[in-house]
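Undergrad: Take this structure first; my questions come after.
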Amino acid sequence: MAETETILEVKAASCRFDVSAPWLSRLASHQPRRVLRAVEDISFTVQRGTTFSIVGESGCGKSTLARMIVGLQRPTEGSLRFADIRRIDGSFGPPRVQMIFQDPYASLNPRWRVGDIIAEPIRELKLRDDDAAVTGRVGDLLEIVGLSRADARRFPHEFSGGQRQRISIARALATEADFLVCDEPTSALDVSVQAQILNLMVRLQAEFGLTYLFISHNLSVVRHMSDHLAIMYLGRFVEAGPADGVFNQPRHPYTRLLLDTIPDVERPNRERKPMSGEVPSPIAPPSGCAFHPRCASAVERCSQQRPVLRDFGDLQLACDRV
């Protein structure tokens with residue numbers, strides 16, 4: 001397998017929602033249509049066996065983009081294409097894509113035992129021939145994610161948050177997936193448990209050659225597991241490139257502000273600029289650069305002209321002030 005093998009290509013993808021009042025109400029009150037621009041003109045590629053992380057504040061469109069990639073939401077414009085690959089099970093075709101959700105408890109059926117939850121995709125996809133083989137596969141998956149075979153007889157409410165997320169990962173692996181979309185998989189967990197889940201995901205990626213699209217609002221969570229990183233603000237990428245480059249030499253003001261929120265034990269008293277203001281509404285975004293109302297470096301031109309994402313060596317940047 002070549003290191004540069006592209007598994008996903010997204011071209012100029014946008015997703016908009018019509019949130020207008022009913023037609024008759026708009027006619028009576030002379031209101032225009034209202035369109036929520038959740039994702040706007042996003043383009044990127046993901047290489048097989050790597051982790052592509054998307055980071056941004058709540059409401060920036062990360063989860064909508066994740067739902068588009070797994071097919072739960074259709075793009076309004078643009079395209080998303082998976083390349084044919086040699087899958088983990090040896091067959092050839094588009095990668096099997098699964099999603100790990102943010103809340104591990106809400107994504108598990110509370111009335112089903114863990115063994116049945118993990119076995120369901122195996123039975124539906126007919127990945128094993130008989131019940132004994134399915135049961136054996138469920139036990140193997142539980143052990144792979146750090147649980148025991150006996151846990152198959154228990155219900156989700158009998159587990160901690162970290163254990164439930166391990167069950168969610170086992171269910172995703174049960175499909176023999178090649179591509180996992182991870183939508184804030186550690187945000188509902190304690191800090192120590194977050195590290196355990198992240199280490200588990202790194203180990204599984206190395207063991208099975210998995211590809212991750214990792215969604216997070218916390219740069220510190222993705223710092224040690226990302227190969228490529230994109231910073232998203234109000235539906236658009238504002239900075240993207242190799243993770244080391246973004247972390248070591250952040251250029252966009254928004255990226256620098258996000259990095260300032262990460263605690264540094266070596267420099268606990270370093271000067272930091274607090275994040276001010278709130279993310280603007282995607283229904284009525286600011287003119288020009290969407291970040292300019294919160295940017296200390298903004299000038300008059302920033303409120304009039306929207307910067308485009310341009311190449312700066314290995315990085316891409318949408319800022320006219322850099």
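Undergrad: Among the numbered conditions (1) out of contact with any strand residue (DSSP E or B) (no Cβ under 7 Å at 6 or more places or on another chain); (2) part of a strand (DSSP E or B), tell me where Ala38 comes up short.
TA: Result: Ala38 fails condition (1) only.
Undergrad: Might you let me know whether the stretch 89-97 holds any residue that is among the aromatic types (Phe, Trp, Tyr) and farther than 30 Å from Arg37 by Cα?
TA: There is at least one residue in the stretch 89-97 that is among the aromatic types (Phe, Trp, Tyr) and farther than 30 Å from Arg37 by Cα.
Undergrad: Just to verify a result, which residue in the stretch 32-51, among those that are under 12 Å from Leu8 (Cβ atoms) and touching an Asp or Glu at 6+ places or on another chain (Cβ under 7 Å), is surrounded by the most Cβ atoms within 10 Å (Cβ to Cβ)?
TA: Across the stretch 32-51, the extreme among qualifying residues is Arg48.
Undergrad: Right, something else. If Leu127 satisfies every condition in (1) within 20 Å of Pro185 (Cβ to Cβ); (2) surrounded by fewer than 17 Cβ atoms within 10 Å (Cβ to Cβ) but one, which is the exception?
TA: Leu127 satisfies every listed condition except (1).
Undergrad: Starting from residues that are part of a loop (DSSP other than H, G, I, E, B) and of a type in the set (A, V, I, L, M, F, W, C), keep the ones in the stretch 103-117 and report whichever is surrounded by the fewest Cβ atoms within 10 Å (Cβ to Cβ).
TA: Ala106
Undergrad: Which pairs have Cβ atoms under 9 Å, sit 6 or more apart or on different chains, and link a residue in the stretch 78-92 that is closer than 24 Å to Ala66 by Cβ and free of Cβ contacts under 8 Å to residues at least 12 places away in the same chain to one that is in a strand (DSSP E or B) and not acidic (Asp, Glu)?
TA: So the pair list comes out as Asp84/Phe92; Asp84/Gly93.
Here is a yes/no grid of residues against (1) surrounded by fewer than 16 Cβ atoms within 10 Å (Cβ to Cβ); (2) part of a loop (DSSP other than H, G, I, E, B); (3) not small (Gly, Ala, Ser):
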{"site": "Leu173", "(1), (2), (3)": "no, no, yes"}
{"site": "Ser187", "(1), (2), (3)": "yes, yes, no"}
{"site": "Val202", "(1), (2), (3)": "yes, no, yes"}
{"site": "Phe214", "(1), (2), (3)": "no, no, yes"}
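Undergrad: I need the full set of residues from the stretch 16-34 which are part of a loop (DSSP other than H, G, I, E, B) and not small (Gly, Ala, Ser), in order please.
TA: Val19, Pro22, His30, Gln31, Pro32, Arg33, Arg34
Undergrad: Within the stretch 168-200, can you find the residues that are β-branched (Val, Ile, Thr) and either within 17 Å of the chain's Cα centre (by Cα) or modelled with pLDDT of 95 or more (or both)?
TA: If the condition is that a residue be β-branched (Val, Ile, Thr) and either within 17 Å of the chain's Cα centre (by Cα) or modelled with pLDDT of 95 or more (or both), then Ile169, Val181, Thr186, Ile197 are the ones that fit.
Undergrad: Here is a follow-up. If we keep just the residues of the stretch 69-94 that are outside any loop (DSSP other than H, G, I, E, B) and charged (D, E, K, R), which is farthest from Phe17 (Cα to Cα)?
TA: Arg86
Undergrad: Here's another thing I want to ask about it. Check Ser25, Ser20 and return the single one that is of a type in the set (S, T, N, Q), over 30 Å from Gly241 (Cα atoms) and loosely packed, with under 13 Cβ neighbours inside 10 Å.
TA: Testing whether each residue is of a type in the set (S, T, N, Q), over 30 Å from Gly241 (Cα atoms) and loosely packed, with under 13 Cβ neighbours inside 10 Å leaves just Ser25.
Undergrad: So, in the stretch 24-40, of the ones that are more than 17 Å from the chain's Cα centre (by Cα) and touching a residue at least 60 places away in the same chain (Cβ under 8 Å), which residue ends up farthest from Val238 (Cα to Cα)?
TA: Arg34
Undergrad: Pick from Ser220, Ser276: which is farther than 26 Å from Cys15 by Cβ, within 19 Å of the chain's Cα centre (by Cα), modelled with pLDDT under 85 and among the polar types (S, T, N, Q)?
TA: Matching residue, one of Ser220, Ser276: Ser220.
Undergrad: Another one. Taking the stretch 286-309 as the region of interest, how many residues are of a type in the set (Lys, Arg), within 12 Å of Tyr254 (Cβ to Cβ) and either in contact with a Leu (Cβ under 7 Å, 6 or more places away or on another chain) or surrounded by fewer than 18 Cβ atoms within 10 Å (Cβ to Cβ) (or both)?
TA: Number of matching residues: 0.
Undergrad: Here is a further query. Please specify each residue of the stretch 124-145 satisfying the condition of being touching a residue at least 40 places away in the same chain (Cβ under 8 Å) and farther than 22 Å from Gln165 by Cβ.
TA: Leu125, Leu127
Undergrad: Of all residues in the stretch 140-168, which are more than 9 Å from Pro104 (Cβ to Cβ) and assigned to a helix (DSSP H, G or I)?
TA: Asp140, Leu141, Leu142, Glu143, Ile144, Arg149, Ala150, Asp151, Ala152, Arg153, His157, Glu158
The values are calculated or read from the model by the stated rules, or taken from the named source; none is laboratory data. Source: prediction; values computed, not measured. Glycine gets a Cβ as well: all are built from the backbone with ideal geometry, and neighbour counts include every protein chain shown.
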